[in-house]
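The values are calculated or read from the model by the stated rules, or taken from the named source; none is laboratory data. This one's a predicted model, so the numbers in the text were calculated from it and none came from an experiment. Here Cβ is always computed from backbone atoms with ideal geometry, including for glycine, and neighbour counts include all displayed protein chains. Side chains are part of the model used for accessible areas, which takes the heavy atoms of the whole protein and leaves out ligands, DNA and RNA. Shrake-Rupley method; radii C 1.70, N 1.55, O 1.52, S 1.80 Å.
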Amino acid sequence: MSGRKTLYIDYSLCIGCETCEFVCRFTNDTSRIHMTRTADGVMVPLYCRHCDNPKCANACPRGALKRDRDGAVILQPMLCRGCQTKNCILACPHAAMFETDRGVMIAKCDLCAQRRQMGMGPACVEMCPCGAVMYVDRDEIPKLETEKSRLALQKVLDHLKLPGKN
Amino acid sequence: MDPINFNFLCSEPAVPNGRSVGIIGAGPSGLAATGYLSCLGYQVEVYDKLPKPGGLMLFGIPGHRIPKERIDLGVRNLERLAGVIFHTHTKICCSGPLHDEEGDHFCREILGFGDMVKKHDAIMICTGSWRSRKLGIPGENLPGVFSGLEFLFPIRAVQYCAPNVKVPEVAGKAVAVIGAGHSAVDVAHSAVHLGAAKVFHLYRRTAREAPCGAFEIEQLREMGVEWVEKATPVRILGENEVKGLEISVSGLDGIENRTLPVALVVAAIGETATPPFAKELGLENVRKGEVRWLHMTAIENVFVAGDALSGPSKIGKAVYSGLRSARSLANWLDLKAQDRLDAYEDNDLVANEAGFRRGA
Ligand SMILES: Cc1cc2nc3c(=O)[nH]c(=O)nc-3n(C[C@H](O)[C@H](O)[C@H](O)COP(=O)(O)OP(=O)(O)OC[C@H]3O[C@@H](n4cnc5c(N)ncnc54)[C@H](O)[C@@H]3O)c2cc1C
Ligand code: SF4
């Protein structure tokens, strides 16, 4: 699918400084990108891939998750009722849906929808000191990948694999 | 390469609002605050004792981890697009004697705090933490004993031709690095790169507990660094130079003393905050959140942010602190101009941030 934008993080460039998380927190109150520490001690931010076939959207009984014009998978708070099933959280293979203590109690990355309206890019991309977070066309990702980035990503995916989940 | 966009909050230059703010310290917290305020139309002037803006992102963290051009370009955009004025080589003085903190030998100009207060409508202190913690063991004052920052800073700073900066002589020598935070890891890396004959890396707990993460340590070991855990330095041997380091290591059969044959000891065990006039500013109260305005010091129009307030942390936290502090400063100036300071709802207190605090 072309013309669809997404976030891409090259984990081999990330130094774990948490700037993305804190800038997101400043911009959106509740951060939608979260620093985690893998079992072998690497610090990496977890984030939404705005997947081609978003499992969160499929899992939501109310259809509250929808793709917008630029390709971002968006949570529509007016449709989400913050249900206790937490199906979306469980369904996301990238651990990118977050519980909050505000509103419908679910937060997810919308690629800074408000900012995009005004012609600006996602805040985390703008402020990452290392240039590790990129706002790119989905098709560009293979070109951006390096051997190092793939290795680093694999480490993170191994870490994310929950028991009983493949 | 794209710049770090410190002006990420606005898409075009703002209309000047006629107010001026002085920011002391051009590290991540100062630059984030600069971006925020310039987006609101403030005339921002930034003062830094070093030759280039960037703070520890440029002069502490090794260049292969943060691309220098990304910082440089971001700073240039602040100058060109947002009209920010940078005064480098300029130190705002001083609670301690000059040359007490790392990087002081760069400053060519010293400005008093009083002048600043008169010149600007408000000031923000973002000076970071530039004084190193001491080990507190015998032999600590021998030549050849460094703090993490003392060791790392010249390696970066020497590129800026400062007359008094000398890279530590490491080639062919054995080095002991103490600590397991980011800076300790950076020191160990640098020591290997500078051609150390042998590097011992000591930490008082285990690799699993190391703040830098076990992965970093594994990488160092692959480079040939010898990892010694549960080790406490006891004394540094030698009369005019370092001859060795005595340590006690707790193992399965109790505590054992060892002497490491090293010629250099680097104690990268952390820094403490170095704000000018800590006492006058009443920073202890700001830290505890016992202030009415977020990040405001005991002097009304002086705010504080970043490591200068909370001690060594991470870039992300410094940026967040700079942004919040800048917002608080702008709110305060607005309400003051309208004589409505009473309207402030103090729900923005530092104490509320406690929940976000985590181990580094
Ligand atoms: C070796 C090392 C490695 C690190 N690695 C990492 C890492 O990998 N990831 C991470 O997230 N964090 C890391 N950190 C921590 C991070 O660099 C700091 O938390 C962050 O830079 C703090 O930002 P700041 O703006 O508060 O202060 P600083 O970056 O320290 O900036 C303060 C600025 O103020 C200037 N200044 C100080 N006093 C005066 C004065 N009186 N007058 C004028 N100017 C003054 C200084 O020159 C400096 O430019 C590391 C720190 C060190 C020391
Ligand atoms: S801001 Fe960039 S380098 Fe820092 S944690 Fe986020 S992705 Fe990693």
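Summary of values
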read-out: Sum of side-chain charges, B:Gln159 neighbourhood, beta-carbon under 12 Å (Lys, Arg +1; Asp, Glu -1); value: +3
read-out: Rg/Rg_globular for the protein assembly as shown, with Rg_globular taken as 2.2 N^0.38 Å and Rg from C-alpha atoms; value: 1.02
read-out: Cα-based shape type of chain A, given that a ≥ b ≥ c are square roots of the gyration tensor eigenvalues and the cut on a/c is 1.5; value: rounded
read-out: Degrees separating the helix B:28-39 axis from the principal Cα axis of chain B, which is the longest one; value: 20 degrees
read-out: Solvent-accessible heavy-atom area per residue, rounded to whole Å², over region A:1-119 at 1.4 Å; value: 46 Å²
read-out: B:Glu150/A:Ile141 FRET efficiency (R0 41 Å; Cβ-Cβ; nearest 0.05); value: 0.45
read-out: Net charge dipole size for chain B [Lys, Arg +1 and Asp, Glu -1 on Cβ; Debye, nearest 20]; value: 260 debye
read-out: Complex-versus-alone comparison for region B:211-233, residues with a loss of 20 Å² or more in accessible area, probe 1.4 Å; value: B:Gly213, B:Phe215
read-out: Solvent-accessible area lost in complex, 20 Å² minimum, residues of region A:35-82 relative to chain alone, 1.4 Å; value: A:Arg37, A:Ala39, A:Asp40, A:Gly41, A:Val42
read-out: Solvent-accessible area per residue, Å², over region B:104-187 with all protein chains present [probe radius 1.4 Å]; value: 43 Å²
read-out: Full-stretch length increase - B:Val117, B:Val249 - with 0.36 nm per residue and alpha-carbon distance subtracted; value: 42.3 nm
read-out: Relative contact order computed over chain B (Cα-Cα under 8 Å; 6+ residues apart), in percent; value: 19 percent
read-out: Dipole axis of the protein assembly as shown (+1 Lys, Arg; -1 Asp, Glu on Cβ), positive-most option in A:Thr30, B:Ala308, B:Leu56; value: A:Thr30
read-out: For region A:5-21, residues shielded by at least 10 square angstrom of accessible area compared with the chain on its own, probe 1.4 Å; value: A:Ile15, A:Gly16, A:Cys17, A:Glu18, A:Thr19, A:Glu21
read-out: Prolate/oblate/rounded call for chain B, Cα gyration tensor, a/c under 1.5 rounded; value: prolate
read-out: Spatial separation of Cα centroids for region B:220-250 and region A:35-54, in angstrom; value: 37 Å
read-out: For region B:207-250, accessible area per residue (1.4 Å probe, heavy atoms of protein chains only), Å²; value: 52 Å²
read-out: Accessible surface, 1.4 Å probe, highest first, among residues B:Lys166, B:Lys68; value: B:Lys166, B:Lys68
read-out: Chain B: angle of helix B:182-193 to the longest principal axis, Cα-based, in degrees nearest 10; value: 50 degrees
read-out: B:His295 - accessible surface, heavy atoms, 1.4 Å probe, Å² rounded to 10; value: 0 Å²
read-out: GNM result for chain B, Cα springs below 10 Å: residue of B:Glu284, B:Glu226, B:Glu12 fluctuating most strongly; value: B:Glu12
read-out: Interchain or long-range residues, amide H under 5 Å from B:Val46's placed H; value: B:Ile23, B:Ile85, B:Phe86, B:His87
read-out: J(HN,Hα) series, region A:150-156, from Karplus relation 6.51 cos²θ - 1.76 cosθ + 1.60, nearest Hz, glycine and proline x; value: 5, 4, 5, 4, 4, 4, 5
read-out: Chain B - percent of accessible surface contributed by carbon and sulfur, probe 1.4 Å; value: 49 percent
read-out: Efficiency of FRET from Cβ geometry, B:Glu280 and A:Asp40, R₀ 35 Å, rounded to 0.05; value: 0.15
read-out: Share of carbon and sulfur in the accessible heavy-atom surface of chain A [1.4 Å probe, %]; value: 53 percent
read-out: Accessible area buried, both sides summed, chains B and A with 1.4 Å probe, Å²; value: 2600 Å²
